[in-house]
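The structure appears below as structure tokens.
The values are calculated or read from the model by the stated rules, or taken from the named source; none is laboratory data. Keep in mind it's a predicted model, so treat the numbers as computed, not measured. Cβ: placed from backbone, ideal geometry, glycine included. Neighbour counts: every protein chain shown. Just the protein is used for accessible areas: all its heavy atoms, side chains included, with ligands, DNA and RNA removed. Shrake-Rupley method; radii C 1.70, N 1.55, O 1.52, S 1.80 Å.
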Amino acid sequence: MSTDRPMRMPVRSAALLAQAGAVLLAWLIFETAAFFGLLLPLWAIAATQSAAAVLLSRLLHLPVWWLPVQALFIPAVLFALHLDLPSGYFLTGFVLFWLIFRSNARERVPLYFSTQATAEALLALLPPNRPVAFLDLGSGLGGLPAYLAAHRPDSVFHGVESAPALFGISWLRLRKRANAQVRYGSLWQENLAPYDLVYAFLSPEPMPELWRKAKAEMRPGSLLVSNSFSVPGMTPTRTLSLNDPRRTRLLIWTL
Ligand SMILES: C[S@@+](CC[C@H](N)C(=O)[O-])C[C@H]1O[C@@H](n2cnc3c(N)ncnc32)[C@H](O)[C@@H]1O
């Protein structure tokens with residue numbers, strides 16, 4: 001749950017409540033109109049539901065980016081039903097989404113990848129004259145451990161990933177590298193103590209909890225590097241602004 005929402009209802013509950021309320025409202029309008037002998041067309045009911053879902057979402061303080069999702073949800077369901085596709089299509093789509101985006105809804109961490117400039121900046125941050133241990137929290141397709149392991153054969157590069165498909169691909173990618181590996185599981189189960197540099201490219205949501213975990217587990221002198229997302233109230237020791245298309249900012253805390 002985001003800390004900048006004045007209301008404390010979890011986002012998913014608020015989204016569901018708004019949809020349910022909007023369905024109820026649309027149904028009441030449909031029934032009332034029918035009572036007076038007016039049969040509303042489906043598009044009018046869908047439009048009413050959609051508008052009501054947006055309104056209720058605003059009232060429940062959902063973040064702005066949820067509004068188009070809320071507006072299109074029921075119209076999209078109706079459209080999908082209208083296509084009359086075999087149910088196997090929906091099951092396949094659901095399984096594929098789950099395999100790739102498993103963590104998105106639960107952790108509120110979207111899937112996007114670090115740029116080449118970020119990989120190079122991380123490589124430059126590693127102490128040059130001794131072996132180091134690196135961990136990528138939520139390692140996606142394993143691109144960072146693969147790149148860093150190729151450039152620093154003296155060091156070890158780990159990743160942890162909770163989306164099954166992403167883990168599978170990164171496991172295949174790294175299986176022949178002696179100094180890189182990815183584990184399947186949650187980053188919250190990882191012990192951060194053995195690492196000299198822990199990298200996170202997540203979202204604003206888990207940062208306060210990640211900071212508590214890093215402070216409790218990481219050794220003095222080790223580095224926590226967050227791509228783009230800061231810890232509320234904690235000024236980074238150093239910030240690197242990269243010259244890449246995303247204008248990446250690396251926030252570095254020395255523990
Ligand atoms: C923004 S992507 C970053 C991918 C990669 N680290 C990179 O920089 O290219 C975030 C990744 O974290 C993963 N993730 C989210 N929550 C996680 C959790 N609790 N445990 C492990 N991985 C998680 C997501 O599946 C996703 O692959």
Distance histogram in 5 Å bins (all Cα pairs of the chain, percent per bin)
1, 6, 11, 13, 14, 13, 10, 9, 7, 6, 4, 3, 2, 1, 0, 0, 0
Calculate for the chain the 222 nm mean residue ellipticity that helices alone would give, adding -39,500 (n - 2.57) per DSSP H run of length 4 or more and normalising by residue count, nearest 500 deg cm²/dmol.
-16000 deg cm²/dmol
Given q = 0.14, 0.22 Å⁻¹, what are the Debye log10 I(q)/I(0) values for the stretch 1-115, with equal point scatterers placed on the Cα positions and solvent ignored?
-0.74, -1.23
Report the Rg/Rh value for the stretch 187-248, based on alpha-carbon coordinates and the Kirkwood definition of Rh.
0.96
What is the sum of charges, Lys and Arg at +1 and Asp and Glu at -1, for the other residues whose Cβ falls under 14 Å from the Cβ of GLN19?
+2
Tell me, what % of the accessible area of the stretch 11-84 is carbon and sulfur with a 1.4 angstrom probe?
81
Spelling it out for THR248: with amide H atoms placed in the peptide plane at 1.01 Å from N, the residues 5 or more places away or on another chain with amide H under 5 Å from its amide H are LEU242
How big is the charge dipole of the stretch 45-180 about its Cα centre, in debye rounded to the nearest 20, if each Lys and Arg gets +1 on its Cβ and each Asp and Glu gets -1 on its Cβ?
280
Between the stretch 34-98 and the stretch 116-194, what is the separation of their alpha carbon centroids in Å?
40
Using a 1.4 Å probe on the protein heavy atoms, what percent of the accessible area of the stretch 116-254 belongs to carbon and sulfur?
56
If you average 1/r over every pair of different alpha-carbon atoms in the stretch 116-254 and take one over that average, what Kirkwood value in Å do you get?
15.1
Accessible area of MET9, 1.4 Å probe, to the nearest 10 Å²?
50
Rounded accessible area per residue of the stretch 13-105, 1.4 Å, Å²:
68
Among SER226, ALA52, ALA150 the positive-end extreme of the charge dipole of the chain (Cβ point charges):
ALA150
